[in-house]
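Let me begin by presenting the structure, written as structure tokens, before commenting on it.
The values are calculated or read from the model by the stated rules, or taken from the named source; none is laboratory data. None of these values were measured; they are calculated from a predicted model. Ideal geometry is used to build each Cβ from the backbone, glycine not excepted, and the neighbour counts take in all protein chains shown.
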Amino acid sequence: MIKTATRLPLDVFVHSNPALSALAIHWTVSGYEKERKNADGLLFTWSIFALAAVASSHYRDRLPKTTNARLTLYYAENPELRVAVPSMLAVWRDAFWTGLRYGVSANMLSLRTLRVSSVKTRMPARTGFAEGLETVANRLGRMLAREGSDDRIASALGVGFEV
């Protein structure tokens, strides 16, 4: 369980804190890019899903604990995602875009051709809370990368996909 410095649940804290949203997005995209060497970044739709999954204790606590897990297995073990993913994308859309704007202005994220990329930058010192969140976000980014393509991520999550 990741504890925040405030008494707010993490998902509420992330919704109200663009810097934390930007960090969570950055850590997820960094994991994705590390796994998919020379990747062009993570499609923004999957970045919204990742932010929701990392910030929500319900989904974060169920994420696999190993770095070589597959998204398809996570999805199979959590069948409620079949219904939840579309609403997760809608509910977390504003927090994502606010966090992305913050991340771009802080020079830690970039957005090109619908893909979010991490920018190598000096990151702030981490607390135990942030280290735990970074580990989970990075692991999820690597899971997304292992699916191989946007079509396969969409298929693994059971959502329609069109760009």
* Please list, ordered by first then second residue, the pairs with beta carbon atoms under 8 Å, 6 or more apart or interchain, first in the range 146-160 and over 19 Å from Pro79 (Cβ atoms), second assigned to a loop (DSSP other than H, G, I, E, B). => Arg146/Asn68; Arg146/Arg70; Asp150/Phe161; Asp150/Val163; Asp151/Phe161
* **Elements of type helices (runs of 4 or more DSSP H) contained in the range 67-154, each with 2 or more residues being surrounded by 14 or more Cβ atoms within 10 Å (Cβ to Cβ) and of a type in the set (A, V, I, L, M)** => 81-91, 93-105, 128-146
* Structure fact -> Residues of the range 35-54 being farther than 11 Å from Ser21 by Cα, out of contact with any Leu (no Cβ under 7 Å at 6 or more places or on another chain) and not acidic (Asp, Glu), in sequence order, are Arg36, Lys37, Asn38, Ala39, Gly41
* Asked: Does Ala19 meet the test of being more than 18 Å from Glu131 (Cα to Cα), surrounded by fewer than 16 Cβ atoms within 10 Å (Cβ to Cβ) and of a type in the set (A, V, I, L, M, F, W, C)?
  -> no
* To do: Among what's in the range 51-106 and is touching a Lys or Arg at 6+ places or on another chain (Cβ under 6 Å) and under 17 Å from Ser30 (Cα atoms), pick the residue that is modelled with the highest pLDDT.
  => Val54
* **Failed item, numbered, when Asn107 is tested on (1) over 20 Å from Ser21 (Cβ atoms); (2) without any contact (Cβ under 8 Å) to a residue 40 or more places away in the chain** => (1)
